[in-house]
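The values are calculated or read from the model by the stated rules, or taken from the named source; none is laboratory data. Quick caveat: nothing in here was measured; it's all calculated off a predicted structure. Cβ sites come from the backbone with ideal geometry, for glycine too, and all protein chains shown count toward neighbours. Calculation scope for accessible area: heavy atoms of the full protein, side chains included, ligands and nucleic acids excluded. Shrake-Rupley method; radii C 1.70, N 1.55, O 1.52, S 1.80 Å.
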Amino acid sequence: MKAYRAALLWFAPDTEGPPQACYEEDGLLVVGPNADGRQVVQAIGAYRDLVLKFPDLAVEHFPGRIIAPGFVDMHIHYPQINVIGSPADGLLPWLENYTFPEEKRFESPEYSAGAAQFFIAELLRNGVTTALTFATSHTASVNALFTEAQAQQMRLITGLCLMDRHAPADLLNQPGPGGVDATEQSLLDTEALIQRWHGVDRLGYAITPRFAPTSTDAQLRGAGAIAAHNPDVWIQSHVAENHDEIAWARALFPQSRSYLATYDDFGLLRKRAVYAHCIHFNDDDRALMRASGAAAAVSPSSNLFLGSGFFDYHGADRTGFAYGLASDVGGGTSFSPFRTMLAAYYVGRTTVTGLQTKAGLSLSPQHLWWQHTAGAAEAMGLGGVVGNLLPGCEADFVVINPAATPLLARKTAIASNLDELLFSLIVLGDDRLIEKTVISQAI
Ligand code: GUN
Ligand code: ZN
């Protein structure tokens with residue numbers, strides 16, 4: 001058992017209405033092993049109260065610092081570190097000109113291992129302790145990322161990118177030995193990778209069709225069958241990001257009611273299915289998200305950078321489907337959750353203005369922060385496991401220095417309530433705010 005003394009930020013257990021942040025100016029976070037020997041939160045609250053209950057504990061003190069849950073990134077591409085900041089007319093030319101050429105390099109286990117090490121280090125440097133991430137269509141890329149995440153004891157979910165048409169030949173899934181075709185081999189590889197990695201330490205597997213246009217019917221059907229046999233395995237893909245992409249998906253799968261419904265038709269919408277973007281939806285799509293239990297990975301910096309459009313927060317909340325925040329690096333422009341939360345704020349404002357709904361319907365700083373921690377965890381089926389510091393949660397947390405820059409120091413010093421403090425951090429913050437990232441250890 002060990003305790004940390006600092007200001008503490010966490011979220012109240014599920015509440016009706018908007019998420020409620022809890023803040024303790026002089027708090028104590030007590031961590032200790034659960035039955036499996038993993039460090040989890042044992043208690044959280046005011047220092048003056050908890051120090052009496054745990055009088056003999058070693059206490060590490062962080063004066064002037066804030067301890068908060070580690071951030072959860074619901075959608076990111078580890079093979080796209082080098083793609084950040086590649087301007088294009090839109091999603092499809094961006095994929096063709098920048099993304100596919102870079103992803104080809106992950107055929108090499110050495111290149112994959114180097115990128116995986118950089119990627120995990122960069123996540124942790126930015127305070128991200130849980131990530132659902134794309135790899136490439138090469139098994140080497142998946143093995144490299146799981147290996148590095150396991151070494152860092154990080155909670156990480158990834159999977160082999162399924163792509164058996166409409167991409168450069170050397171980036172498609174490849175045929176196997178003995179005349180096994182590429183589609184069949186990609187599904188065999190997926191099953192083998194699930195056996196090898198899913199549920200090992202803190203690792204999870206995600207069945208990963210890139211998006212409907214780059215998979216045949218047979219591949220999507222096979223992916224859906226694997227998903228049905230493995231209900232606790234995740235699914236990740238993209239949907240309704242860009243108008244050209246949508247037109248393409250509709251032309252390839254005209255029998256489905258909508259682009260989103262295509263995934264449903266192949267058994268790929270369910271709890272633990274996470275779809276990036278979900279921008280150009282109608283109310284039938286929103287109702288399908290809600291009914292299926294699938295979640296949206298809202299990726300605002302990517303959507304602004306690629307000019308894809310604006311996630312409709314109002315529509316999502318009206319329907320009540322699950323969502324949380326994601327960087328979507330390399331369409332997204334930063335690993336920093338602060339940059340993503342600020343981009344989400346801009347998107348929220350834009351949506352309100354665009355729809356001419358009630359003036360002043362802004363995303364609160366507490367709601368933005370929740371979308372990148374407890375809300376994201378809940379949307380992914382990891383509520384009560386990560387993304388919060390309630391007793392029982394795995395002890396993944398960040399130590400934030402609210403005076404990390406002269407301007408932050410000046411601004412946070414005059415914050416007169418929690419919303420003002422959080423908003424200053426969101427607007428002015430980046431990786432410099434994260435003084436330390438602590439990952440739950442197994443003892
Ligand atoms: N749709 C299909 N692939 C991708 C990708 O790599 N990034 C984004 N933003 N959208 C996609
Ligand atoms: Zn993406």
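List of remarks:
- Selection status of Ala322, of a type in the set (Gly, Ala, Ser), away from ligand 2 (no atom under 14 Å from the Cβ) and open to solvent by 10 Å² or more (accessible area, probe 1.4 Å): yes
- Residue selected from the range 69-86 under the condition part of a strand (DSSP E or B) and within 13 Å of ligand 2 (Cβ to nearest atom), by the criterion surrounded by the most Cβ atoms within 10 Å (Cβ to Cβ): Met74
- Test: Leu156 is in a strand (DSSP E or B) and either more than 16 Å from ligand 1 (Cβ to nearest atom) or modelled with pLDDT of 95 or more (or both): yes
Residue-wise test of (1) under 18 Å from Asn417 (Cβ atoms); (2) open to solvent by less than 10 Å² (accessible area, probe 1.4 Å).
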residue	(1), (2)
Leu8	yes, yes
Ala21	yes, no
Glu25	yes, no
Ala35	no, no
Tyr47	no, no
His61	no, no
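- Counting only residues that are closer than 19 Å to Ser440 by Cβ and free of Cβ contacts under 8 Å to residues at least 40 places away in the same chain, the range 21-68 holds 4 of them.
- Total residues in the range 94-130, condition on the phi < 0 side of the Ramachandran plot, open to solvent by less than 50 Å² (accessible area, probe 1.4 Å) and more than 13 Å from ligand 2 (Cβ to nearest atom): 18
- Among the conditions (1) more than 14 Å from ligand 2 (Cβ to nearest atom); (2) in a strand (DSSP E or B); (3) under 16 Å from Asn303 (Cβ atoms), the only one that Asp89 does not satisfy is (2).
- Condition met for Asp201 (touching a residue at least 12 places away in the same chain (Cβ under 8 Å) and buried (at least 24 other Cβ atoms within 10 Å of the Cβ)): no
- Tabulated pairs, the range 231-242, first within 10 Å of Ala296 (Cα to Cα) and more than 10 Å from ligand 2 (Cβ to nearest atom), second open to solvent by less than 10 Å² (accessible area, probe 1.4 Å) and among the polar types (S, T, N, Q), C-beta under 9 angstrom, 6+ apart or interchain: Val239/Thr262
- Picking from residues in the range 131-141 that are within 16 Å of ligand 2 (Cβ to nearest atom) and outside any helix (DSSP H, G or I), the one that is farthest from Thr208 (Cα to Cα) is Ala131.
- Failed criterion for Asp181 (all others in (1) out of contact with any Phe, Trp or Tyr (no Cβ under 6 Å at 6 or more places or on another chain); (2) surrounded by 14 or more Cβ atoms within 10 Å (Cβ to Cβ) hold): (2)
- Here Ala287 fits the description: more than 14 Å from ligand 2 (Cβ to nearest atom) and at pLDDT 95 or above.
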